[in-house]
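Worksheet: the structure to be examined is printed underneath.
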Amino acid sequence: MASLLQIIHFLSITCLLFCGVATSNQIPQPYVVYMGSSSSKNDEHVQAAESAHLQLLSSIIPSEESGRISLIHHYNHAFKGFCAMLTETEASILSGQSNIVSVFPDSVLELHTTRSWDFLAAESGVRASPRYDKHVPSDVIIGMVDTGIWPESPSFNDKGIGKIPARWKGVCMEGPDFKKSNCNRKLIGARYYNIPLASNENKASPTKATGSPRDFEGHGTHTASTAAGASVVNASYYGLARGTARGGSPSVRIAGYKACSEEGCMSSTILKAIDDAIKDGVDIISISIGMNSLFQSDYLTDPIAIGAFHAEQMGVLVVCSAGNEGPDPYTIVNTAPWIFTVAASNIDRDFKSTVLLGNGKTYQGSAISLSNLTYAKTYPLVFGNDVAGSYVPMYEARNCRPGSLDPKKTAGKIVVCVDDDPTISRRIKKLVVEDAKAIGMILISEIQRGVSFDSGTFPFTEVGNVEGLQILKYINSTKNPRATILPTIEVPRSKPAPVVAYFSARGPSPLTENILKPDIMAPGVAILAATIPERESGNVPIGMKPSQFGIKSGTSMACPHVTGAASLVMSVHPGWTPSMIKSALMTTASLYNNMRKPLTNNSNKSANPHEMGVGELSPLKALNPGLVFETTTQDYLQFLCHFGYSQKIIRSMSNTNINCPKNSTEELISNINYPSISIGILSRHHQTAKTIQRTVTNVGLSNTTYIAKVHAPMGLVVNVFPRKLVFFKGVTRLSYKVSFLGKEAPSGYNTGSITWRDGRHSVQTVFTVNVK
């Protein structure tokens with residue numbers, strides 16, 4: 001869920017864009033100028049390009065404002081361009097120049113904020129051979145674009161890890177609180193950037209981020225350790241979730257790129273970090289960041305899409321979070337086909353906090369609360385309605401809105417709040433109740449309770465509507481209602497799991513429905529991983545030291561699980577391309593939970609591909625997928641043609657002489673060689689079937705035969721031809737076609753799968769077909 005600060009930021013940006021005074025378009029602000037693929041090979045070329053960009057600026061910026069003729073960022077390795085302070089008029093002039101692909105404002109992007117790896121392994125049903133275990137040596141390098149890193153964490157210990165790969169060209173930047181000695185054979189690189197913040201009033205003088213790669217938010221440290229943290233035994237969050245914390249491939253190397261502050265991540269800085277990561281020599285880039293879906297750009301004004309396109313061209317896999325704006329459809333971000341987009345699920349572990357009422361009844365709620373309350377003492381219990389401040393509407397008080405409660409009525413009591421107003425987050429409600437001198441809080445919320453909220457030491461629990469109604473009835477049944485909230489306990493082996501998290505952003509993609517997004521689902525609820533030491537003493541239990549680990553939820557946490565799994569596959573198959581690794585993970589994903597039933601969402605309904613992609617990540621199965629779909633740069637260029645971009649722009653982006661097909665239309669996007677199939681519109685009035693082609697590459701035994709099995713909903717006619725693929729020595733790639741006929745199918749999205757089996761492997765392709 002978006003924080004109050006993020007909401008304020010987006011409202012301020014909207015105001016700047018739409019409600020400024022008449023001359024606001026002449027106030028300089030940061031703009032990104034994207035100029036396509038880079039051909040710079042040496043420092044001389046880079047310097048010449050930088051000079052040319054400065055000359056370009058001097059041609060449009062008035063001489064009396066020559067101080068603006070400077071570059072905030074300069075992109076020169078994988079792609080070319082720059083970020084500079086421009087007026088709207090100057091940006092418009094540049095966008096009309098033939099050598100410029102796009103010009104867009106430097107906007108704010110959001111952070112999409114142990115047991116999980118064991119859970120994934122258990123659910124895969126595959127025993128890892130010694131060759132594939134968690135100690136497999138690896139020279140794979142992951143670039144984490146995030147809030148920085150806390151190098152002292154035991155998760156970044158380099159014990160048992162070999163020498164830094166000779167191909168590594170990165171640096172370990174120093175700062176007042178970060179030395180080169182903080183890097184090691186695990187954490188091999190760290191960079192930070194000057195970050196112009198959107199909230200800065202003086203746009204002509206951007207502020208700087210903290211002058212070091214050190215993480216002061218915890219987000220970057222958490223994601224990095226989730227992806228590739230070293231094994232740390234007996235890790236826990238003040239006793240909760242105790243076990244061995246580790247990444248997906250603990251011997252993989254990490255390079256941190258601090259591109260974000262607590263206020264967000266500027267798009268120009270994200271682009272710079274991606275360009276640097278590619279130049280430094282990373283193999284995978286992990287980005288748990290994205291645009292707000294309300295302000296979603298097209299692919300040529302989306303910094304992550306631009307950077308990821310060029311990364312993929314240069315053989316670097318980019319994994320991104322899908323966003324936290326679920327459960328509504330069309331909220332997903334990072335949807336370009338060359339991005340590996342990750343949704344979030346829970347694991348088989350829950351955290352419960354019990355409410356004990358004065359009448360002896362107990363109700364179990366969801367929470368991560370380090371409360372020191374006990375059975376021995378109860379406290380007065382009140383409903384927000386009944387403790388409203390003067391002249392405050394009851395609606396605001398029962399939702400515990402800021403300023404709605406009267407501290408004289410709440411001091412020393414447990415306050416019950418409801419969740420009718422989605423604009424007020426749980427964290428804000430908790431702060432309101434705590435500020436009102438209450439002793440604790442019970443939140444009634446049906447939607448969010450599946451994701452435990454960390455309230456620190458403040459007593460808190462979250463119950464559903466049924467339990468909440470009983471608590472409210474009890475309050476109204478006695479003159480002296482009392483209660484207590486017990487500390488959180490861990491509930492292991494919970495079922496069902498995995499379940500799609502309510503916050504996980506949903507597809508279809510608002511840009512095109514002919515590519516299925518998200519791609520895959522991975523654990524993102526209540527994930528234990530390394531974090532920064534707690535700075536607020538009130539969140540540390542009395543008598544304890546700040547924990548080195550934290551429990552966080554979000555697609556931000558799901559993304560590094562896929563990053564870690566991809567690094568494991570890359571370690572075992574170093575010659576595979578990014579699309580082969582992506583395909584291996586997608587075609588081996590699981591569609592079933594730990595009850596061996598189809599996956600469900602937070603509403604306990606069957607999950608669909610726009611919620612979970614092709615299913616839950618299954619890393620060990622992906623090590624031996626049998627067949628893979630290779631999505632080439634040519635496929636992505638065809639995608640851009642079919643999406644509607646001009647041939648000239650695509651040539652500039654790709655540094656190729658591509659010729660777009662004359663019949664390019666968006667519906668042809670379904671035909672690029674992707675590991676899933678999505679058809680945005682299938683007319684039921686067409687008498688002929690729509691046919692899609694796919695090509696698979698055999699990465700298993702050379703002599704093998706695959707047979708296709710179709711699982712389709714009633715009324716949708718799906719045929720595969722040929723239904724048999726025979727591979728032998730010298731024949732490693734074969735194509736097949738799939739036809740879809742929807743005359744008898746129900747309206748809306750029809751989903752199913754095509755599975756190729758050879759007795760050893762099961763290669764699954766999920767499809768979604770929108771019948772109209």
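Kindly provide the set of residues from region 368-381 that are in contact with a helix residue (DSSP H, G or I) (Cβ under 9 Å, 6 or more places away or on another chain) and either open to solvent by less than 20 Å² (accessible area, probe 1.4 Å) or part of a helix (DSSP H, G or I) (or both), ordered by number.
Hit for region 368-381 is Leu381, nothing else.
Inspect region 626-635 for any residue being touching a His at 6+ places or on another chain (Cβ under 6 Å), open to solvent by less than 10 Å² (accessible area, probe 1.4 Å), among the small types (Gly, Ala, Ser) and outside any loop (DSSP other than H, G, I, E, B) and give the result as yes or no.
No - not one qualifying residue is present in region 626-635.
Give just the number: which of (1) in contact with a His (Cβ under 7 Å, 6 or more places away or on another chain); (2) within 29 Å of Met612 (Cβ to Cβ); (3) open to solvent by less than 10 Å² (accessible area, probe 1.4 Å) does Pro329 not satisfy?
Tallying (1) in contact with a His (Cβ under 7 Å, 6 or more places away or on another chain); (2) within 29 Å of Met612 (Cβ to Cβ); (3) open to solvent by less than 10 Å² (accessible area, probe 1.4 Å), Pro329 fails exactly one: (3).
Quick one: how many residues across region 66-110 are small (Gly, Ala, Ser), assigned to a helix (DSSP H, G or I) and open to solvent by less than 20 Å² (accessible area, probe 1.4 Å)?
So the answer is 1.
Give the residues of region 420-450 that are in a helix (DSSP H, G or I) and surrounded by fewer than 22 Cβ atoms within 10 Å (Cβ to Cβ), sorted by residue number.
Arg427, Ile428, Leu431, Glu434, Asp435, Gln448
Report, by residue number, each residue of region 265-296 that is in contact with a helix residue (DSSP H, G or I) (Cβ under 8 Å, 6 or more places away or on another chain), open to solvent by 10 Å² or more (accessible area, probe 1.4 Å) and of a type outside the set (A, V, I, L, M, F, W, C).
Matches in region 265-296: Asp283, Asn292.
Which residue pairs have Cβ atoms closer than 6 Å, lie 6 or more positions apart in sequence or on different chains, and pair a first residue in region 734-746 that is closer than 12 Å to Lys772 by Cα with a second residue that is modelled with pLDDT of 95 or more and aliphatic (A, V, I, L, M)?
Correct list of pairs: Leu741/Val717; Gly742/Leu682; Gly742/Leu716; Gly742/Val771; Ala745/Leu716; Ala745/Val771.
Give the residues of region 733-758 that are open to solvent by 70 Å² or more (accessible area, probe 1.4 Å) and closer than 16 Å to Val710 by Cα, sorted by residue number.
Matches in region 733-758: Lys737, Arg757.
Taking region 174-191, which residues are in contact with a strand residue (DSSP E or B) (Cβ under 8 Å, 6 or more places away or on another chain) and open to solvent by 40 Å² or more (accessible area, probe 1.4 Å)?
Of everything in region 174-191, those that are in contact with a strand residue (DSSP E or B) (Cβ under 8 Å, 6 or more places away or on another chain) and open to solvent by 40 Å² or more (accessible area, probe 1.4 Å) turn out to be Asp177, Lys180, Arg185, Arg191.
Scan region 297-320 residue by residue and report those that are under 17 Å from Asp276 (Cβ atoms) and open to solvent by 10 Å² or more (accessible area, probe 1.4 Å).
Correct list: Glu312, Gln313, Met314, Gly315.
Mind listing whichever residues of region 663-699 are buried (at least 20 other Cβ atoms within 10 Å of the Cβ) and modelled with pLDDT under 95?
Passing the criteria: none in range.
Scan (1) open to solvent by 10 Å² or more (accessible area, probe 1.4 Å); (2) at pLDDT 90 or above; (3) under 16 Å from Phe351 (Cβ atoms); (4) in a loop (DSSP other than H, G, I, E, B) for the single condition Ser494 breaks and write down its number.
Exception for Ser494: condition (2).
Please go through region 700-732 and give me each residue that is open to solvent by 30 Å² or more (accessible area, probe 1.4 Å), under 22 Å from Thr751 (Cβ atoms) and not in a strand (DSSP E or B), ordered by number.
Ala712, Pro713, Met714, Arg723
The values are calculated or read from the model by the stated rules, or taken from the named source; none is laboratory data. What you see is a predicted model; the values in this text were computed from it and never measured. For neighbour counting, all protein chains shown are included, and Cβ atoms are generated from backbone atoms with ideal geometry for every residue, glycine included. All accessible areas refer to the heavy atoms of the entire protein, side chains included, with ligands and DNA or RNA removed. Shrake-Rupley method; radii C 1.70, N 1.55, O 1.52, S 1.80 Å.
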